[in-house]
Amino acid sequence: QVQFVESGGALVQPGGSLRLSCAASGSIFRTYAMGWYRQAPGKQRELVASITTNDMTNYADSVKGRFTISRDNARNTMYLQMNSLKPEDTAVYYCNRSPPILFPWGQGTQVTVSS
């Protein structure tokens, strides 16, 4: 059973940066298109960034130009570099396949943007 472990979330001031990491067992990242998702309180989970097996990336309009998704297949790890963070980026961030089928969700990592 594949398990995702997200890390790197923190409390950060507006305008700050964070890098999230997603670790998984097996050769998941080189086999499937993957994505970073987030869920803010009272809102549905949304896809914010995705990356295909040939490294094509796509971003939600709300994070375009500020977030960068990448992966290291050798380390079975995926990253989300988040710059120029805004209060509206506050959410629990998750990784999973894109679309999120077959594999269970991890615990996520909390990102809070506040002064």
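The values are calculated or read from the model by the stated rules, or taken from the named source; none is laboratory data. Note that the structure is a prediction, hence the values are computed from the model and not measured. These area figures cover heavy atoms from the full protein model, side chains too; ligands, DNA and RNA do not enter into them. Shrake-Rupley method; radii C 1.70, N 1.55, O 1.52, S 1.80 Å.
A few remarks follow.
- Residue of 74, 33, 23 that the Gaussian network model of the chain assigns the largest fluctuation, springs spanning Cα pairs under 10 Å: 74
- Phi to ³J(HN,Hα) by Karplus 6.51 cos²θ - 1.76 cosθ + 1.60 over segment 106-112, Hz, x for Gly, Pro: x, 7, x, 9, 7, 10, 10
- Cα pair distances in the chain, grouped into 5 Å bins until the bin that holds the longest one, percent each: 2, 13, 25, 27, 19, 10, 4, 1
- Accessible-area composition of the chain, carbon plus sulfur, in percent [1.4 Å probe]: 47 percent
- The chain, helix-only ellipticity at 222 nm - DSSP H runs n ≥ 4, -39,500 (n - 2.57), divided by all residues, nearest 500: -500 deg cm²/dmol
- In the context of the full set of protein chains, residues of the chain present 53 Å² of accessible surface per residue (probe radius 1.4 Å, heavy atoms only).
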